[in-house]
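Only the coordinates and a few stated rules stand behind these numbers; no lab work does. Since the structure is predicted, the reported quantities are computational estimates derived from the model, not experimental observations. Cβ sites come from the backbone with ideal geometry, for glycine too, and all protein chains shown count toward neighbours.
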Amino acid sequence: MEFLFNLLLVLHFVGLASLLGGFIVQMSSPSKGVNAAMLHGALTQLVTGVLMVGIVESDQLTDEGPLNMTKISVKLGIVLIICVLAFNGRKRQPPQVALWGIIGALTLVNVVVAVFWQ
Ligand code: HEM
């Protein structure tokens, strides 16, 4: 189970790289919008995060302490908003500067929440 958890954590970072990378790569583009990397990254964060919570909660891991469920709930809420925004963004043509900016900002908020909130 520990291997599976670590594998999911690696994929969690891959999802973060895709979401944030898809945002950053458009920084100097005049037609900013929601690209596929951002949507797929957000979905990866959602799926891997929920699966990791499932593993920890099923008590299969000894070295992962109890999760901070308030923190997890905040991250879950933010990623659900990101997914809805990204889905809607993919249906329309760029430029969508505001949508692009909000998704990038919410992603950074989730990184700060994940790292600073213990
Ligand atoms: C954009 C969305 C998200 C970002 C940027 C993000 C970011 C991170 C980061 C940087 C870590 C590693 C640092 C750490 O261990 O504290 C992490 C770990 C983790 N994340 Fe996420 N996360 C997101 C969404 C989610 C969601 C939706 C869930 C669950 C519903 C989740 C559950 C977890 C769990 C269980 C861990 C490992 C255990 C822990 O340390 O909390 N994450 N996340």
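A quick yes/no check of all residues on (1) crowded, with 19+ Cβ neighbours inside 10 Å; (2) within 10 Å of the ligand (Cβ to nearest atom); (3) part of a loop (DSSP other than H, G, I, E, B); (4) not basic (Lys, Arg):
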| residue | (1), (2), (3), (4) |
| --- | --- |
| Phe13 | no, yes, no, yes |
| Val34 | yes, no, yes, yes |
| Gln45 | yes, yes, no, yes |
| Asp59 | no, no, yes, yes |
| Val79 | yes, yes, no, yes |
| Gly89 | yes, no, no, yes |
| Ile102 | no, no, no, yes |
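Scanning the range 75-116 for residues that are more than 12 Å from the chain's Cα centre (by Cα) and over 21 Å from Ala17 (Cβ atoms) turns up Val84, Asn88, Lys91, Arg92, Gln93, Pro94, Pro95, Gln96, Val97, Ala98.
Among the residues of the range 61-77, those identified as in a helix (DSSP H, G or I) and of a type in the set (D, E, K, R) are Lys71, Lys75. Could you please let me know if Ala98 is within 10 Å of the ligand (Cβ to nearest atom), assigned to a helix (DSSP H, G or I) and not hydroxyl-bearing (Ser, Thr, Tyr)? No, not satisfied. With respect to Met27, determine if the residue is in a helix (DSSP H, G or I), over 20 Å from Phe116 (Cα atoms) and not basic (Lys, Arg). So Met27 fails the test.
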